[in-house]
Amino acid sequence: MPSADFLLQTLERFPRLPLAQYPTPLEHLPRLSVQLKREVFIKRDDSLGPALGGNKTRKLEYLLAEARGRGARKVVTFGGLQSNHARLTAAAARKLGLEPHLFYFERRPESHTGNLLLNQLMDAGMHFFPWASGGDGALTLETTNRLVHLLAWLRLGRHYFIPVGGYSWRGCLGYVRAAVEIETQARAMGIENAHLVLAAGTGGTLTGLLAGLTLMDSSLRPLAIDIGKLWKGFPTSLAHLATEICARLGARHSFKASDIPLIENTYVGSKYGVPSESGENAIKFVARAEGILLDPVYTGKAFAGMLDLIEKGGLGTNGPIIFLHTGGLPALFAF
C-alpha cells in the first residue's frame, strides 16, 4: 500500500490551483463527547473559502486548473436551488477571472435567498428550467451529467463543464488529498479505528475519501449518509468512480457496489433540499453544545443520522467518531 507521502507525490502529477488554506482543523468536541459518551471530533471543511466556503473547494482546485489549461472562458455546472457546489463554483470562477453559469432544474424563485443571493451578488449566470426534472432517482448520475452537458452546449456554446457536485475522477482527487490530510491529523492526535461520517449528495467526497483511505490502508472507516435519494444505481456509480480514481493514481483496486459505505434513504426526510425535523433538531443540538453551525440540506441531516446510529449501536459502542463538516452555512438563511 502506498504511504501518505507517496500518495501526495502521485497527486502532484495533476494540475491544481490552490483556492484555500490547508489543513483545515480537526477539532475535538468535548461537550458533545460527554453527552454522547463517545469521543467525537469534527473536520472543519466548512472553514474553506471562498465565499463562505465548503468542501467543493477541494474539487474545484483540480477542475478549474483543467479549465484554465484548456483556455476556457465560461464554466458551467448545475445543482439544487441551495447548492453549495454551484455557489462555490461561481466564487472560484470569479476569483480566477472566469464567467460562471449555473443551471437549475426548478422554477425561478420569486426572491433569491441563501446561496442564490450570493450567486446574484457575484453576477453568476443563473438559468432556470422548470420544464425539466433531475435528481429524483429516475436517472443515474452519469446520464444526468451527459444530458445537462448537452443542454449547456446548446444554450451557451463553448465552455468548461463541471458535473454536478464536481463528480468526476479529477474533482475527487481533492478528497484523495483530504484523506491524506485527515489521516495525518488523526495519527498526530492518536485517533485510530474511527468512523468518518459525512453527508452524501452526489457522493464524490465519499468516493475520494474511500479511494485515498483504502490506498493508504488507513484504520479510518468512512460512512456516508445519503441526504437526497437523488440517483438511480447510486452505489454502483460510486464503485465505478472509486475504481477509476485508483486507476488514475496508478493503483489496481476494484470496488463493487457492496463496498460503498453508504446509508441510503433512511435520513433523507421528505426529499432533497427540504429540511427534516431530525436534521433541524441536530442543528440546534450542535449549535447549543459547541457553537458550531450545521446546515439544513446536508450536514444537519447527516449529523441527525449519526446521532440515530450512535443510539442504536450502528457505530459500535465506544470507538471515536470524526464528523466531516462540509459547509453549507448560507442555506440556513434560506429556510
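The values are calculated or read from the model by the stated rules, or taken from the named source; none is laboratory data. Nothing here was measured: the structure is a model prediction, and the numbers come from that model. We place every Cβ from the backbone using ideal geometry, glycine too, and count neighbours over all the protein chains shown. Keep in mind that these areas ignore ligands, DNA and RNA; they rest on the heavy atoms of the full protein, side chains included. Shrake-Rupley method; radii C 1.70, N 1.55, O 1.52, S 1.80 Å.
Here are the numbers for this structure:
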{"item": "Single match in 86, 67, 72, 90 (criterion: assigned to a helix (DSSP H, G or I), touching a Phe, Trp or Tyr at 6+ places or on another chain (Cβ under 6 Å) and not basic (Lys, Arg))", "result": "67"}
{"item": "Criterion: touching a residue at least 60 places away in the same chain (Cβ under 8 Å) and either touching a Phe, Trp or Tyr at 6+ places or on another chain (Cβ under 7 Å) or open to solvent by less than 10 Å² (accessible area, probe 1.4 Å) (or both) - qualifying residue of 246, 172", "result": "172"}
{"item": "Condition check for residue 17: more than 28 Å from residue 105 (Cα to Cα), touching a helix residue (DSSP H, G or I) at 6+ places or on another chain (Cβ under 7 Å) and touching a residue at least 12 places away in the same chain (Cβ under 8 Å)", "result": "yes"}
{"item": "Leading residue by the ranking (nearest to residue 316 (Cα to Cα)) among those in region 25-45 that are open to solvent by 30 Å² or more (accessible area, probe 1.4 Å) and part of a helix (DSSP H, G or I)", "result": "36"}
{"item": "Residue within region 255-269 that is hydroxyl-bearing (Ser, Thr, Tyr), over 17 Å from residue 29 (Cβ atoms) and assigned to a loop (DSSP other than H, G, I, E, B) present", "result": "yes"}
{"item": "Residue that is nearest to residue 166 (Cα to Cα) [pool: residues in region 89-110 that are buried (at least 24 other Cβ atoms within 10 Å of the Cβ) and in contact (Cβ under 8 Å) with a residue 60 or more places away in the chain]", "result": "89"}
{"item": "Among the candidates 284, 229, residue that is modelled with pLDDT under 95, open to solvent by 50 Å² or more (accessible area, probe 1.4 Å) and either out of contact with any Pro (no Cβ under 7 Å at 6 or more places or on another chain) or part of a helix (DSSP H, G or I) (or both)", "result": "229"}
{"item": "Looking only at region 147-165, and only at residues there that are touching a Ser or Thr at 6+ places or on another chain (Cβ under 8 Å) and not in a loop (DSSP other than H, G, I, E, B), the one that is nearest to residue 297 (Cα to Cα)", "result": "165"}
{"item": "Close pairs from region 249-265: first more than 15 Å from residue 213 (Cβ to Cβ), partner open to solvent by 70 Å² or more (accessible area, probe 1.4 Å), Cβ under 8 Å, at least 6 apart", "result": "264/229; 265/229"}
{"item": "Candidate set: region 123-168, residues that are in contact with a Leu (Cβ under 6 Å, 6 or more places away or on another chain) and farther than 24 Å from residue 235 by Cα; chosen: the one most open to solvent (accessible area, probe 1.4 Å)", "result": "126"}
{"item": "Condition met for residue 324 (open to solvent by 40 Å² or more (accessible area, probe 1.4 Å), closer than 17 Å to residue 85 by Cβ, in contact with a helix residue (DSSP H, G or I) (Cβ under 8 Å, 6 or more places away or on another chain) and touching a residue at least 40 places away in the same chain (Cβ under 8 Å))", "result": "no"}
{"item": "Boolean, residue 256 is in contact with a helix residue (DSSP H, G or I) (Cβ under 6 Å, 6 or more places away or on another chain), open to solvent by 10 Å² or more (accessible area, probe 1.4 Å) and basic (Lys, Arg)", "result": "yes"}
